[in-house]
Amino acid sequence: MRTRILSTEELKQFITDESQASILFGLHEQQKKAWPLLEKGLNSLNQSKEKKIEWFGDTVTVQYNPARMVSVSANIDPNVIRTRSCFLCIENLPPEQTSILVDTEFLALANPLPIFKTHFTFAHIRHKKQDIVGSIEAFLRITSKLDGRFTVFFNGATAGASAPDHFHFQACPKDSLPISLTAKTKQDKISKVGTILSVDIETVSFFGNRYIVLKSPALEDLVSVLERLIYLLDSHHPCGKDMINIIADFDHNGWQIIFIPREKHRPDCFYEEGDRSLLVSPGSVEMGGVIITPRENDFLKITAEDISSIYNEVMLNATAYNTVLDSIFKT
């Protein structure tokens, strides 16, 4: 199994320096040459279509990408999951797929069905449930090691993860998700809620919905606040920690975390037929402003109102949302 984990020496022809970001890009280059499935996925991405949809000063990218049908329509029923081989376990990787070891416990893997030109999955080296509790520090630490060149995101087990039985998160090029830029630059969309320890807590408006934003230069403080948010979510809503999306960026000012508590896995339109059907299954990418549509008809017909409605339907209801946000300041 160790042969699946490449050393910096083995990647030296593909890297410019020994920074974590350079090594990741080097792995991607090596895999493009060695793994036909990744090459096929990138060719499919190059043929995908995109369009921008604007709504009250916000912009979403809609991507028609038929290769993503497998992920968008993934069946995560526990009975189905139990009977299949885990595709993120190192012993089950395709023969051509290799990785690098990051932060001692995570395999960085090139995603063979990419949404972005460089799209990585960070899979825990051991098979364990898709549960961020206990791994928040590692998630944030890895984000900070990527030289500010990637956005890192996590999907809860029932909030977009197609492998809810194996702990993992993903990375895409920095500023690929519109919500990250909105939370960073659009002051008219941002409302300050308060501060705990060194963590500034804000909300940001995006497509008519409120997202929770945490900003801090202190790792331990962020871990503490995120753990409390998840505990409160578990306490006030039955979906709890399995239904969250987290989007993380890091720069010289520290971390920016977008925390998205969810109400539903998929919107009703996912299950509809005929004209009312839209095959959109929101994870962090979609909630962050990049809507993936594996069917061309959905790509052509989806509107700003559809997107706002999907966000509103799958995000945590206003009563529970406000209770969680208010409770975080109570001792």
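Given q = 0.11, 0.13 Å⁻¹, what are the Debye log10 I(q)/I(0) values for the chain, with equal point scatterers placed on the Cα positions and solvent ignored?
-0.69, -0.99
Over the alpha-carbon set of the range 1-94, divide Rg by the Kirkwood Rh and report the Rg/Rh ratio to two decimals. Write down the numbers at each step before the final one.
Values: Rg = 18.0 Å, Rh = 16.8 Å.
Computed over Cα atoms, the ratio is 1.07.
Given R₀ = 22 Å, FRET efficiency for LYS192-ASN312 by Cβ-Cβ distance, to 0.05? Intermediate results must be reported in sequence, preceding the final value.
Working: r = 23 Å, r/R0 = 1.06.
Efficiency for this residue pair is about 0.40.
Expressed in nm to one decimal, what extension gain is obtained for the pair ASN75 and SER224 from 0.36 nm per residue of sequence separation less their Cα-Cα distance? It would help to have the intermediate numbers written out before the result.
Details: separation 149, 0.36 × 149 = 53.64 nm, distance 3.34 nm.
Using 0.36 nm per residue and subtracting the Cα-Cα distance, I get 50.3 nm.
Dividing the convex hull volume of the Cα atoms of the range 240-331 by its residue count, what figure in Å³ per residue is obtained? Walk me through the numbers before you get to the answer.
Numbers: hull volume 11.9 nm³, N = 92.
Per-residue hull volume (Cα only) is 130 Å³.
Along its principal axes, what span do the Cα atoms of the range 122-205 show, with the longest given first and each in whole Å?
That works out to 43, 28, 25 Å along the principal axes.
What spacing in nm lies between the two simple spin-label points modelled at GLU273 and SER85, each 7 Å away from Cα in the Cβ direction?
Using points 7 Å along Cα→Cβ, the separation is 3.6 nm.
Per the chain: cysteines with no other Cys C-beta under 4.7 angstrom?
Cysteines lacking a close Cβ partner in the chain: CYS172, CYS239, CYS269.
For the pair ASP326/TRP55, report the inter-label distance in nm, with labels modelled 7 Å from Cα in the Cβ direction.
2.7
How large is the dipole of the chain about the Cα centre if only Lys and Arg carry +1 and Asp and Glu carry -1, each at its Cβ, rounded to the nearest 20 debye? Don't jump to the answer; show the numbers that get you there.
Values: 35 positive and 41 negative charges, 67 e Å.
It works out to roughly 320 debye.
About the Cα centre of the range 1-118, how large is the charge dipole given +1 on each Lys and Arg Cβ and -1 on each Asp and Glu Cβ? Please answer in debye to the nearest 20. It would help to have the intermediate numbers written out before the result.
Details: 13 positive and 14 negative charges, 105 e Å.
Charge dipole of the range 1-118: 500 debye, to the nearest 20.
With 32 Å as the limit, write out which pairs from LYS117/LYS215; LYS129/LYS301; LYS32/LYS186; LYS117/LYS241; LYS40/LYS241; LYS40/LYS215 have Cα-Cα distances beyond it, or answer none. Can you show the working numbers first?
Values: LYS117/LYS215 28 Å; LYS129/LYS301 37 Å; LYS32/LYS186 37 Å; LYS117/LYS241 30 Å; LYS40/LYS241 35 Å; LYS40/LYS215 38 Å.
Listed pairs above 32 Å: LYS129/LYS301; LYS32/LYS186; LYS40/LYS241; LYS40/LYS215.
Order the peptides 159-168, 11-20 from the highest to the lowest mean number of other Cβ atoms within 10 Å of their residues. Intermediate values should be presented prior to the final figure.
Details: 159-168: 23.0, 11-20: 13.8.
Highest to lowest by the protection proxy: 159-168, 11-20.
Counting DSSP beta bridges in the chain, what percent are antiparallel, to the nearest 5? Working shown, then result.
Numbers: 54 of 59 bridges.
In the chain, approximately 90 percent of DSSP beta bridges are antiparallel ones.
So how much slack lies between SER235 and HIS127, counting 0.36 nm per residue of separation and subtracting their Cα-Cα distance, in nm?
On the way: separation 108, 0.36 × 108 = 38.88 nm, distance 2.69 nm.
Between SER235 and HIS127, full extension yields an extra 36.2 nm.
Any read-out appearing in this document is the output of simple, stated calculations on the displayed coordinates, not a laboratory observation. Since the structure is predicted, the reported quantities are computational estimates derived from the model, not experimental observations. Backbone-built Cβ (ideal geometry, glycine too); neighbour counts: all protein chains shown.
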